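Undergrad: Can you read through this structure? Questions will come right after.
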Amino acid sequence: MFVHHQNPSGCTLTPPLDDLDLIAALDGVIDVNVRAHLQACSSCARRANDLAIIQQTLQQRFYRMFCPSSEDLLAFQQRMINPDRYISIANHLHDCQHCTNELRMLEQAATNTGIFPSIGIFPTNRIALRLEKQGLFPAISGAPSNRSYGSLGDQYIYRADRIRLMLSIERTFGRPSRSIVTGKLSVGNARNQHGMTASILSGEHILGCSLIDTLGCFTIEDVPSGNLTLSLRLRDYEVVVDSLRV
Amino acid sequence: MQAISATFQASTQPTGTIRRTRALAVPNQAIDATEIERMSLTILERHCAIEGERFYRGQPHDTRFGYELFRRALVERDEIAWEYIFNQYRGLVESWVRRSGAFASSGETSEFFVVSAFTRFWQAISAERFASFASLAALLHYLQLCASCVVIDSVRAQSWAEMMPEEAIVFARSPYSSPDEEAMERVNRTEFWEYINALLNDEAERVVLFNSFVMGMKPGDIYARRTDLFSSVNDVYNVKRNVLGRLSRNQDLRQQFDI
């Protein structure tokens, strides 16, 4: 229970709040009595507001104003920086926990994961597609329309759950032992697979590969005959067609 | 920079075209460095695709083609080579970004970080600087660090958001329309810092001001760090009260800096 009276600071309640109470409240250290006082006393609320404005002004202008940019921090980590700047950043790191943490992030990136982290990059989940249909289907969307090579070849639809692959294998004109493998992949409603790759393999040997475009299409030319494997390396898994007869 | 942004845009838009590759008959060992330098971009891309796939599969791979592609992109500023690099390595960069502890809480898409990392890499490595990267590994290592940098910038933006209300962040960190504007802002901040410093009385006040508002520390943390200067947390609070009180009573400060 507060008692109302007027003290020199204009506070109408007792016990009056001093500046230490207000600063602690602004720093998030606030007890229920101080909170109740600020809700009831407009004079102290105004003083708290004045202090908040000056604190905010100082934070806006000064927060991390001496920190090097992330580019400079990177240059420091790489030692690709002039000696004066290097010493200046080293001194700054002595005082700044923020930059020390960020430098640690850079160092971890440089050392822990390695440059060629082959383990963990190649998807470990392997999904084998099964043949659903074979025959003549409408042209694979996105494929070149005026092909001067090859005859109309075999067409297939492969599927596994929500993954669907339309595949066309055509002989190369004038080179009957070589084929062109064209495909269009769709993975349910998932984001596009742009940047991922399609490869034709004979055992472990990569015979050819191609990037998959934004429409999920790819073409691998000059594929030799044989019993081969088509591998589509996506972000989280590998989709394969085993025993692809070309 | 506009050109490179356009390249990113172009490379992420559906084109309806299909990339093709031919199986390469010539063993890589038989291809010497001069031949690689003279190789058409299309053939170079094919070699890169296959070597990249070997790398992903943990097989022995030849990095000379990838290095040459980077050279054409960064030294010759060949945008087609650059677009290919972006497409070829974006998956790798995305995996680096996703591994970063800060990514999950960033609220940004991995695509945002990937594009930012490539942009930073492009800006950082000039034709002259390319010579200091002796191998594909060194280039990718630097690309990896650029990815970390953009995550760090995101962490910094987050710490700003936690430190200040949104309207204050807009005021304090609005994008500058020109380098002059940024330089002016830096000068203004430095002048303001010097002005405030001149109003302080001693080392304790300077330590409290610096740690409270430059480092964003609470009084308890300041005390823990400088027990040589303060005998208790209350000491820190007292100093902070004195400083803020003095500043808030300073009419000149209020007028000059519109507080």
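Undergrad: Considering only protein heavy atoms, what per residue accessible area in square angstrom results for region B:45-135 with a 1.4 angstrom probe?
TA: 37
Undergrad: Per-residue counts of other Cβ atoms within 10 Å, averaged by peptide: what ranking do you get for B:97-110, B:193-206, A:16-29, highest first?
TA: The densest-packed peptide leads the list: A:16-29, B:97-110, B:193-206.
Undergrad: Measure off, as a whole percent, the carbon and sulfur share of the 1.4 Å-probe accessible area of region A:27-88, all protein chains present.
TA: Here it works out to 49 percent.
Undergrad: Quick check on packing: order B:36-48, B:146-158 by the mean number of other C-beta atoms within 10 Å, highest mean leading.
TA: Descending packing order for the listed peptides: B:146-158, B:36-48.
Undergrad: Other chains near A:48-60: what is the mean number of their Cβ atoms within 10 Å of each residue's Cβ?
TA: Taking the mean over all residues of the peptide, I get 6.
Undergrad: Give the calculated FRET efficiency between B:Arg206 and B:Ala138 to the nearest 0.05, with a Förster radius of 45 Å applied to their Cβ-Cβ distance.
TA: About 0.55, to the nearest 0.05.
Undergrad: Further question on the same structure: Give me the inter-chain shielding for B:144-156: mean count of other chain Cβ atoms within 10 Å, whole number please.
TA: Per-residue shielding by partner chains comes out at 6.
Undergrad: Taking accessible area as the heavy-atom solvent-accessible surface of the protein chains with a 1.4 Å probe, which residues of region A:213-227 lose no less than 30 Å² upon going from the isolated chain to the full protein assembly?
TA: Residues meeting the cut-off: A:Asp213, A:Thr214, A:Leu215, A:Thr219, A:Glu221, A:Asp222.
Undergrad: What does the structure give for B:245-253 when I average, per residue, the other chain Cβ atoms found within 10 Å of the residue Cβ?
TA: 2
Undergrad: Taking the Cα of B:Glu162, stepping 7 Å toward and past its beta carbon, and measuring to each backbone N in region B:189-228: which are under 18 Å?
TA: Backbone N within reach: B:211-222.
Undergrad: Roll a 1.4 angstrom probe over the protein heavy atoms and tell me the percent of accessible area of region B:194-259 that is carbon or sulfur.
TA: Percent of accessible area from carbon and sulfur atoms in region B:194-259: 43.
Undergrad: How many square angstrom of accessible surface are buried between A and B, both sides summed, with a 1.4 Å probe and rounding to 100?
TA: 7800
Undergrad: Kindly report the accessible area of region A:31-99 per residue (heavy atoms of protein chains, probe 1.4 Å, no ligands, DNA or RNA), in Å².
TA: 50
Undergrad: A follow-up question, please. With the crude spin-label approximation of a point 7 Å out along Cα→Cβ, what separation in nm comes out for A:Arg162 versus B:Ser40?
TA: Reported label-point gap for A:Arg162 and B:Ser40 is 4.1 nm.
Undergrad: Can you compute the FRET efficiency between A:Arg245 and B:Ala30 using 1/(1 + (r/R0)^6), with r the Cβ-Cβ distance and R0 = 41 Å? Round to the nearest 0.05.
TA: Approximately 0.85, to the nearest 0.05.
Undergrad: Here is a further query. Round to the nearest 0.05 the FRET efficiency obtained for A:Ala128 and B:Arg98 when R0 = 30 Å and r is the Cβ-Cβ distance.
TA: Between A:Ala128 and B:Arg98 the formula returns 0.70.
Undergrad: A:Ala40 versus B:Ser232, label points 7 Å from Cα toward the beta carbon: distance in nm?
TA: 2.7
The values are calculated or read from the model by the stated rules, or taken from the named source; none is laboratory data. Keep in mind that what you see is a predicted model, and the values were worked out from it rather than measured. Cβ coordinates were reconstructed from backbone atoms using ideal geometry, including for glycine residues, and neighbour counts include every protein chain displayed. Ligands, DNA and RNA are stripped out before the accessible areas are found, and what is left, the full protein with its side chains, is counted by its heavy atoms. Shrake-Rupley method; radii C 1.70, N 1.55, O 1.52, S 1.80 Å.
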